[in-house]
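First up is the structure itself, then whatever we jot down about it.
The values are calculated or read from the model by the stated rules, or taken from the named source; none is laboratory data. Remember, predicted model here, so these are calculated numbers, not experimental data. Methodologically, a virtual Cβ is constructed for each residue, glycine included, from the backbone with ideal geometry; neighbour enumeration extends over all protein chains shown.
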Amino acid sequence: MNAALLHENRDYFELVRQVVKRIEQGAFLPGEYLPKAADIAKEMGVETESIETVLNRFEAESIIYKKPSGEYFLSNSDRGLLIAKIKSNILHVHTEDLIELLEVREAIESRAIALACDRRTEPDLKAIEAALNTLEEAIANKQVAAKADIAFHKAIIKASHNHMLIKIADILFDSFKESLLETRTKVRRLDRVDHFINEHRQMFNHIRDQQKEEAVSLMMNHIENTIGLYRSLKE
């Protein structure tokens with residue numbers, strides 16, 4: 001889902017919460033047809049494609065069903081059970097695992113960036129900067145850029161020249177790749193884009209200038225802020 005489609009910085013999870021609210025208030029009733037996606041989108045002030053993304057996920061979870069005519073209706077289940085299913089399967093999907101992953105990443109990447117400051121070579125700097133440029137370009141084009149973000153962090157870890165760190169990081173990223181990409185796509189907020197880009201540019205500058213303490217502090221704060229963002233999904 002393209003984050004640029006979201007109006008007033010409402011992300012995917014906020015749209016899901018809005019639908020849950022309507023179920024709770026009785027605007028959407030179990031067993032009854034839902035308004036057309038375009039009508040829901042107009043009411044919420046977002047693009048129709050954004051609502052269709054939410055509805056497709058609901059359909060995959062058997063929360064709603066689609067008639068051959070293309071109309072959706074809400075599952076004829078207890079309202080409380082439907083809401084609980086949405087909150088369990090969608091709003092909180094992967095959140096705990098990702099928080100634990102980020103806690104491990106904080107330990108690994110803070111050490112990796114310290115080593116990178118000491119050991120980086122010119123080819124390393126070129127690789128990190130190339131990944132950074134790709135990330136900045138993706139953000140400028142209003143893309144969520146989850147893959148580019150991961151590539152940037154992996155380039156820093158590679159510059160540590162610690163083969164064990166590199167192997168561990170590869171295992172972590174590969175094990176959680178799909179969950180990480182899916183969830184980052186949904187939580188990246190447009191109002192944090194400038195800060196997001198500046199942090200990554202500063203990381204590169206610290207590595208280039210071999211400013212180890214500043215680099216480690218920035219990496220730790222960066223990941224702690226990301227953990228805070230994921231935790232906010234559960235509120």
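Observations on the model:
- Residue in region 86-93 that is free of Cβ contacts under 8 Å to residues at least 40 places away in the same chain, basic (Lys, Arg) and surrounded by fewer than 19 Cβ atoms within 10 Å (Cβ to Cβ) present: no
- Residue among 190, 180, 233 that alone is at pLDDT below 90, within 12 Å of residue 102 (Cβ to Cβ), in contact with a helix residue (DSSP H, G or I) (Cβ under 8 Å, 6 or more places away or on another chain) and crowded, with 16+ Cβ neighbours inside 10 Å: 180
- Of all residues in region 22-49, those that are in the same structural domain as residue 67 (by TED's automatic domain parsing) have Cβ atoms under 6 Å from Cβ atoms of residues that are loosely packed, with under 12 Cβ neighbours inside 10 Å, 6 or more apart or on another chain, in 30/76; 31/76.
- Taken over region 130-146, the criterion of being in contact with a helix residue (DSSP H, G or I) (Cβ under 7 Å, 6 or more places away or on another chain) and either over 17 Å from residue 198 (Cβ atoms) or small (Gly, Ala, Ser) (or both) is satisfied by 131, 138, 142, 144, 145, 146.
- Counting only helices (runs of 4 or more DSSP H) wholly contained in region 1-89, the ones carrying 2 or more residues that are among the hydroxyl-bearing types (Ser, Thr, Tyr) and at pLDDT 85 or above occupy 48-60.
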